[in-house]
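This report concerns only the one structure given below.
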Amino acid sequence: MIDVDAVLQRLSALGVTLPPGRLRVDGYGDSPALSRELLALIVSGRKRAGTGLLWALEHDGEDLPQVGDIELVIDHRHQPALVTRLTEVDIRAFDQVDARYAAIEGEGDGSLAFWRQAHEAFFGRECARIGRTPSPDMPVVCCVFELLSVVPGAEIGPGP
C-alpha cells in the first residue's frame, strides 16, 4: 500500500503543487526496469495511455479512474515521478482493444500485435497475483492522459 501522505509531503518539499481534482496514486510496470522504461516513454511524449486490469483494481479495493482525475505517478521506489490528468477512460474486453488505442499507449513498435503480446504477459502476472485466470474477454481499463509535470529527481529512463 502506498503512503499517500508521505508522497504528498515529498512533493511539497520539492515545490510541486498538484492541480485541483480527484487524486489517484499509481505506478507503471511491475519491475524497476519496466517502470523506468514506461516513465521515459511518457516524458518523451510517445506514451499517452495506460491500461489496467479491472479485476486487479477491484481486488485491491481501488476506485475506478474517471476523466479529470489527477494521477500522481510513482516510480518503482514508490517515489513521485510524474503528474498526469486523465482525459479518456473506457472499460472494454482485452480482445476489444484496438490499434488506435495501442498506438496511443506508445509501447514497443506501437502496433496492436505488440500491445497484445506485452499486455497479455503483464495481465497474466496480475491474474496470478489475484487468483484469476486470464481470458480474451477479461475487462481492462483504458486510460488516456496528458502529462502535467515531471517531478524533480524522478528516476526515469535506463537504470544501472
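The values are calculated or read from the model by the stated rules, or taken from the named source; none is laboratory data. This structure is a prediction, so every number in the text was calculated from the model and none was measured. Methodologically, a virtual Cβ is constructed for each residue, glycine included, from the backbone with ideal geometry; neighbour enumeration extends over all protein chains shown. Surface areas here come from the heavy atoms of the whole protein model, side chains and all, with no ligands, DNA or RNA. Shrake-Rupley method; radii C 1.70, N 1.55, O 1.52, S 1.80 Å.
Can you tell me the orientation of helix 32-44 relative to the chain, as the angle in degrees between its alpha-carbon axis and the longest Cα principal axis, to the nearest 10?
So the inclination is approximately 80 degrees.
Rounded to a whole number, what % of the accessible area of the chain do carbon and sulfur atoms account for, probe 1.4 Å?
That share works out to 53 percent.
Can you give the translational diffusion coefficient of segment 1-94 in µm²/s, computed by Stokes-Einstein from the Kirkwood radius over Cα pairs at 20 °C and 1.002 mPa s?
152
Given H placed on each backbone N at 1.01 Å, which residues far from E71 in sequence or on other chains put an amide H within less than 5 Å of it?
Excluding prolines and chain starts, which carry no amide H, the hits are R24, T84, R85, L86.
Helix 4-13: angle to the longest alpha-carbon principal axis of the chain, degrees 0 to 90, nearest 10?
The angle comes out near 50 degrees.
Compute the convex hull volume of the Cα atoms of segment 83-160, divide it by the residue count, and report the result per residue in Å³ as a whole number.
So the per-residue Cα hull volume is 131 Å³.
Starting from a Cα-only point model with no solvent, please compute log10 I(q)/I(0) by Debye for segment 40-98 at q = 0.13, 0.16, 0.30 1/Å.
Result of the Debye calculation: -0.41, -0.63, -1.33.
Would you indicate which of (1) 1.00; (2) 1.13; (3) 1.28 is the value of Cα Rg over 2.2 N^0.38 Å derived from the coordinates of this structure?
It is the value labelled (1).
Which whole-number value in Å² is the accessible area per residue of the chain, probe 1.4 Å?
Roughly 50 Å² per residue, with all protein chains present.
Where Rh denotes the Kirkwood radius from the mean inverse Cα pair distance, what is Rg over Rh for segment 119-158?
1.15
Sort out the exposed loop trypsin sites (Lys or Arg not before Pro) in the chain (DSSP loop, at most 13 other Cβ within 10 Å) and tell me the longest stretch that has none.
Details: sites that count: R22, R77.
It works out to 78-160.
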